[in-house]
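> The structure that follows is given in the form of structure tokens.
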Amino acid sequence: MFLGMGPLELVLIVVVILVIFGPKNLPKIGSALGKTVKNVREGMEDGKDEKIEEGSPVHAHDEEDVEVVEDDDDADAPEDADEPVFCSKCGTKNAADADFCSKCGAKLPSSK
């Protein structure tokens, strides 16, 4: 039994879905449903990451994902147009002429 339903009820639901959407549209519906579930999971993980950044201590298993960026004391030097731009949200290195992060899609600071 699945959610209190027997096999006959499940077959009836599948038949109704086939009649409503048609067999050609079922793969599209399945794909859209899968993408939705994936986005919801990623959103839930992002919420956990934000809570960790707000004040929770970093655990040993979280340190693997932390990227260490060294300061070269070149903060006063002007940025060269060929230098990569780092995302302020996720820290990913992007091309100098990129407007959005290639990993998270966040807007990058303009180098102009």
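The values are calculated or read from the model by the stated rules, or taken from the named source; none is laboratory data. Keep in mind that what you see is a predicted model, and the values were worked out from it rather than measured. For neighbour counting, all protein chains shown are included, and Cβ atoms are generated from backbone atoms with ideal geometry for every residue, glycine included.
> Is there any pair linking a residue in segment 91-112 that is touching a residue at least 24 places away in the same chain (Cβ under 8 Å) and within 19 Å of Glu42 (Cβ to Cβ) to one that is acidic (Asp, Glu) and loosely packed, with under 15 Cβ neighbours inside 10 Å, with Cβ under 9 Å and at least six apart or on different chains, and which?
Gly91/Glu67
> Which of the residues belonging to segment 1-37 are loosely packed, with under 10 Cβ neighbours inside 10 Å and of a type in the set (D, E, K, R)?
Lys24
> Which one of Lys35, Lys24 is outside any helix (DSSP H, G or I) and either modelled with pLDDT of 85 or more or touching a Lys or Arg at 6+ places or on another chain (Cβ under 6 Å) (or both)? Break it down into steps so the answer makes sense when it comes.
Working: Lys35 fails: outside any helix (DSSP H, G or I).
Answer to the check: Lys24.
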